[in-house]
1. Let me confirm something: among B:L48, B:L23, B:L43, B:L31, which residue is open to solvent by 20 Å² or more (accessible area, probe 1.4 Å) and within 14 Å of chain A (Cβ to nearest Cβ)?
2. Report every pair of residues separated by at least 6 positions or lying on different chains whose Cβ atoms are under 9 Å apart, first residue within the range B:161-178 and over 13 Å from B:A217 (Cα atoms) and open to solvent by less than 10 Å² (accessible area, probe 1.4 Å), second assigned to a strand (DSSP E or B) and modelled with pLDDT of 95 or more.
3. Picking from B:W5, B:W73, which residue would you name as being within 12 Å of chain A (Cβ to nearest Cβ), out of contact with any helix residue (DSSP H, G or I) (no Cβ under 7 Å at 6 or more places or on another chain), without any contact (Cβ under 8 Å) to a residue 40 or more places away in the chain and surrounded by fewer than 19 Cβ atoms within 10 Å (Cβ to Cβ)?
4. If a residue has to be in a helix (DSSP H, G or I), open to solvent by less than 20 Å² (accessible area, probe 1.4 Å) and either touching a strand residue (DSSP E or B) at 6+ places or on another chain (Cβ under 7 Å) or away from chain B (no Cβ under 14 Å) (or both) to count, how many in the range A:71-92 make the cut?
5. Taking the condition within 22 Å of A:R165 (Cα to Cα), touching a strand residue (DSSP E or B) at 6+ places or on another chain (Cβ under 8 Å) and away from chain B (no Cβ under 11 Å), does A:G106 pass?
6. Got at least one residue in the range A:32-40 being open to solvent by 40 Å² or more (accessible area, probe 1.4 Å), within 14 Å of chain B (Cβ to nearest Cβ) and at pLDDT 95 or above?
7. Quick check, is B:I96 within 14 Å of another protein chain (Cβ to nearest Cβ) and in contact (Cβ under 8 Å) with a residue 60 or more places away in the chain?
8. Of everything in the range A:136-190 that's free of Cβ contacts under 8 Å to residues at least 12 places away in the same chain and of a type in the set (G, A, S), which residue is farthest from the other protein chains (Cβ to nearest Cβ)?
Amino acid sequence: MSLRPDRRMVLGGAAASAALVASPRGLAQGPDPMAKTIPSSGEKIPAVGLGTWITFNVGEDAGLREDCVGVMRAFFEAGGRMIDSSPMYGSAQAVVGHGLKALGPGAPVFSAEKVWTSSDGPAQIEETRRRWGVRRFDLLQVHNLLSWEKHLETLQAMKQSGRARYIGITTSEGRRHRDIEKIVVERPLDFLQLTYNPVDREAEQRLLPLAKERGVAVIVNRPFRQGDLTQALEGEDLPGFAAEIGAKSWAQLILKFIVSHPAVTCAIPATTSVDHVRENLAAVSGAMPDEAMREKIAERLADA
Amino acid sequence: MSEWWTYRPSDFLMFSPRVYERLIETHNMALWPWQLVALGVVLAALGLAWAKRPADGRYALAGFGLGLVWVAWSFLWGRYAGINWVAAYAAPAFLIEGLGLVALAVLSKEPLLPLRREPASILAAVLVLFAAFAYPLAAPLTGQPWRASEVAGVMPDPSALATLGLVALVRSRAAVLALTPVPLLWSLYAAMTLRTLGAAEAWPMAGGIALFLAAAAARMLGKRRTFGH
């Protein structure tokens with residue numbers, strides 16, 4: 001990996017219009033991350049969040065729980081807000097709740113959760129809320145479209161009564177995009193969560209333009225293909241053009257590619273490393289790739 | 001599950017190798033030195049299974065059954081279910097399997113086949129010995145600490161393999177059919193999970209399953225030959 005000191009800053013596409021978030025940060029490190037707008041409300045949110053799949057499923061292990069608290073602390077200090085979890089993620093919800101409790105009431109979390117059951121959705125959401133220890137969720141999503149019709153009605157009612165601020169649906173790894181498309185057109189959604197990165201670009205064809213057109217915010221999961229992408233690139237030198245947008249690692253280059261898409265609101269990489277969480281947030285400050293550079297990134301990563 | 005063909009084993013893995021290793025080590029340290037007692041129980045159960053007195057097999061079954069109940073309660077339910085919801089379903093399955101072995105011990109006067117110098121018997125005995133004494137060596141042999149060793153009667157994977165070996169010796173074919181699914185399905189799931197985690201124990205798990213299938217096939221072939229004559 002190399003970093004050229006004479007990098008040329010290039011601001012492009014959506015990044016140019018994105019504002020910087022003024023987040024309540026205790027020990028702020030580096031510039032604030034770029035913020036993007038949630039179309040349904042106009043609220044701005046940092047373009048990198050924190051996923052919890054696998055990384056926060058540490059059970060009752062006290063040492064590993066404290067590591068997760070450290071990751072959350074670094075995340076908020078670096079200007080992050082959205083933490084995303086699910087009942088499917090084992091102990092992750094309880095570990096997030098433990099972290100929020102340890103960090104105190106001032107943590108500026110944007111809580112994103114899911115409902116994932118074929119039976120009692122409201123009971124599961126209440127159990128999830130208890131695990132997080134929050135009054136209400138900022139965002140509730142139907143996980144992988146499981147029993148989506150029934151759950152969307154529940155979430156809609158919760159939004160109307162103020163028990164959730166936003167609602168949405170999720171998918172991953174390109175599954176059920178046709179169904180997603182239909183729901184985005186027919187139902188009032190605030191958020192759509194899907195997989196998108198320089199290698200998995202199917203969403204660019206229909207879903208991302210549709211989300212943009214319908215005013216639906218997009219959360220991107222699996223930005224690094226659960227680490228496979230960055231692992232495959234480990235030890236390889238960054239392309240020369242990476243320095244032009246200030247990318248110091250493959251992870252930063254990938255995140256810049258993702259969040260510079262005009263329809264993408266927030267990417268949610270998961271990590272157990274404090275260094276990585278800082279690196280991820282730092283990726284979305286400063287210069288962003290323009291369309292030509294986005295293509296160069298995708299070309300370079302096509303064989304990864 | 002929709003578009004099921006797009007799923008891979010890694011899509012179902014919900015914890016990291018680091019968390020799983022620490023879970024095992026924590027459990028082992030909390031129970032030490034009961035691992036030695038568990039090894040002793042397995043050895044005693046084997047001795048009873050192959051004793052000249054047929055009724056002694058009942059004690060072997062009861063010992064294994066109680067071991068499975070303990071594994072269900074202490075590890076699957078008490079620890080593993082916290083990071084893997086599959087274990088929350090496996091715990092009652094292990095409990096039922098354990099109680100099934102105990103019930104067979106209580107209800108049958110001569111539940112196990114006598115040990116003979118026949119492939120089916122030998123393969124089943126080798127599987128029990130393999131699960132009890134070779135499987136725990138996988139961790140230290142691959143550079144992990146001894147506290148990462150998995151012992152039958154303490155951890156579910158070698159317990160399932162040892163149970164398969166014992167079930168292969170059960171006399172009643174109906175009982176064999178009833179008692180096989182839980183340890184076999186768990187063994188398959190464990191082998192897949194370990195393979196996905198990149199753990200060395202995936203290979204002894206697969207080897208144990210192969211031994212059981214070979215024992216079952218040998219028993220069926222032996223039966224046909226008997227009928228043929």
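The values are calculated or read from the model by the stated rules, or taken from the named source; none is laboratory data. Since this is a predicted model, take the numbers as computed values, not measurements. As a convention, Cβ positions derive from the backbone with ideal geometry for all residues, glycine included, and neighbour counts pool all protein chains shown. Heavy atoms of the whole protein, side chains included, go into the accessibility calculation; ligands, DNA and RNA do not. Shrake-Rupley method; radii C 1.70, N 1.55, O 1.52, S 1.80 Å.
1. Exactly one residue qualifies, and that residue is B:L23.
2. Sorted first by the residue in the range B:161-178, then by its partner, the pairs are B:L161/B:A152; B:A162/B:A152; B:T163/B:A152.
3. B:W5
4. Looking only at that region, the number is 4.
5. no
6. Looking for residues that are open to solvent by 40 Å² or more (accessible area, probe 1.4 Å), within 14 Å of chain B (Cβ to nearest Cβ) and at pLDDT 95 or above, one finds none in the range A:32-40, hence no.
7. No: the conditions fail for B:I96.
8. Checked the range A:136-190; the qualifying residue farthest from the other protein chains (Cβ to nearest Cβ) is A:S161.
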